1. On the accessible surface of segment 516-569, probed at 1.4 Å, how many percent belong to carbon and sulfur atoms?
2. So what is the accessible area of segment 479-569 per residue, in Å², with the probe set to 1.4 Å?
3. Quick one: 3J(HN,Hα) in Hz for segment 398-406, Karplus 6.51/-1.76/1.60 with θ = phi - 60°, rounded, Gly and Pro as x.
4. Measuring with a 1.4 Å probe in the full set of protein chains, what accessible area per residue, in whole Å², belongs to segment 300-364?
5. Under a crude label model (7 Å from the Cα following the beta-carbon direction), how far is K493 from D353 in nanometres?
6. I'd like the FRET efficiency for A560 and T505, computed as 1/(1 + (r/R0)^6) with the beta carbon distance as r and R0 of 41 Å, rounded to 0.05.
7. Give the accessible surface of segment 138-297 per residue, rounded to a whole number of Å², with probe radius 1.4 Å and ligands, DNA and RNA excluded.
8. For D93, enumerate residues with amide H under 5 Å from its amide H, sequence gap 5+ or separate chain, H modeled in the peptide plane.
Amino acid sequence: MAIKSFLALFVLWAHSPRTACTQNFAVLYGMKASERLAWVINFVDTELNQKDSVTAYASMLELQALARKWRSPDLETEVYAGRGRYKFYILHDSQAALREYKQGLDFAQKNDLDIAAAGLMVHIGNVYRQTDEIFLAYEAYTAAHDLFTQTDFAQIPRLDWYEYEIGRFLYDLEDWKGALEHLCLADLYPGSSRQLHYAVISLIGNCYHNLHQLEKSLVCHKKCFRLAQKDRNTAWESQSAVNIAEIYLQDSLYREARIYGSTGYRQSLQTHNLALAAQALICLSAVNIYEGNYQAAVEKLKEAENYLQADEAKNLLPALYLGLEKAYKGMNEARIAQYNHFLYDIVSGPIHDANVQRSHTNLLMRRDLRRNHIQTLIAQNSEKSDRTILIILITLGICMLVFGYSIYQRVHVRQTSSVSTWQAAENTPEKDFQTLLEKPVVRAKSIPDEGDPPTSAADVPMLVDKPAIIKTDGFEQLLALRLLTEEDSKSFKRSYEKVHPGFLTKLRTGYPHLTPSETRLLALTKINLSTKEISDILNIEPNSVRRLRNRIRQKLDLPAGDNFEKILS
């Protein structure tokens, strides 16, 4: 039997609904994206209001196929919302609707559709509200409103409905100010449907009434009354008229209260709203009591009692028995008045306690909701701060690494150039010295000193380009010196004066900013000693000799590779 029913439903969907859907969706071709989305939203609302399950669901499937064909994620997101509403409002399956809404939310977030995602959050909040999961509903509504505030309200379709749903949720929690904020946003949205516009204004009037701002409440309810008359909606007109009558009654404007109370009574009887008719009669009875017409007041209250018993509306019973008590007191019926006062105490106690308990529960609920919301915001801000700090630390670390590497590169380049310069600077004299040694020499006869042993006619070699250094006793003493102490420094000066008299004095006079070690280096360079020989005499490493030469060049502002020819000449 179940298989046959499924096959019948499938055949019905495969033939007539698809043909109807295809004909309807033909108007979508050639539309702009915004126009197409508005048309689809209106079409889905119409299909759901008809509550034809086969046609409605077939329309959803056809819409989804077209959205994927056109690669239009906004339409496909609306399909998810429509299917969720179909399962929630027609099939009354909240869990299946919640799954559809969450799938649509994931799809919208994946395609960066913030407005569509916010709308789906409102739908999710409605499901949670119906299942009494107030905290989850509040989170969904708050997240949706936060997304709405980031976008131009005029670009958000159905913003009036979204904000109305959020405002109604807060109204049920008796958060009149919070509800008023969202409902006023819904009222400002252009192009709202007449039914939604009436519901928004009526709820705004109730918020003002609960906040004891009767003048603003009266303006809103009169606006609703005119809207109902314009649309010839008897149900709206009767409700608005009774609300206006109660406000006039609180302001002690009995004539106006009678006019609107009578109108509300007649219209409520036409719509068979017995509870509203009883409410109107209670207002009219209060006017009769004020005018002293106690018998008419009792008749109206008795009629209202019959309506309340038929409708099983108990919230109006305290006002009913209080009115009967006042009317019978005016008629000097003390026993009956006392009896109605006894009935008033019986019915008003539980109702008053229930109202107080509800208000206290709503107060605690609002406090907990705000506390959880603040904690959520703090956690989100903390997470964002931690993420920001982590990004900053990573960025600083990368900058420090880059900066350190650049410094390392500069130092490495400088060291490489310095080493090259030192090698070039000290290799040049050695190469020149070797070149000089390889040049042909000119023989000169030595001049024997007295006491020298007789020698052969050997000659002393002399270089052609540069006179050779005669290795005298002072020269040999220099080669044998090792500068370790102050006495060694004095011995160096005495020995060098024998080789080049006055040269050290010339250096100290011409270049007073040179240190003694730099002066001795120049003096040893003057006599063409190698780096090894100079390092032995100065008792330092060869690399230190190279660094000393480079320092002298920097002090004297000489180019790299210069061998101090100008200084030593």
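The values are calculated or read from the model by the stated rules, or taken from the named source; none is laboratory data. Because the structure is predicted, anything quoted here is derived from the model rather than measured. Note that we place each Cβ from the backbone using ideal geometry, even for glycine, and neighbour counts take in every protein chain shown. In case anyone asks, the SASA skips ligands and DNA or RNA and just uses the protein heavy atoms, side chains included. Shrake-Rupley method; radii C 1.70, N 1.55, O 1.52, S 1.80 Å.
1. 46 percent
2. On the way: 4830 Å² over 91 residues.
On a per-residue basis, 53 Å².
3. 5, 4, 5, 5, 5, 5, x, 5, 5
4. 64 Å²
5. 11.9 nm
6. With R0 = 41 Å, the Cβ-Cβ based efficiency is 0.90.
7. Working: 7290 Å² over 160 residues.
It amounts to 46 Å² per residue over segment 138-297.
8. Excluding prolines and chain starts, which carry no amide H, the hits are F88.
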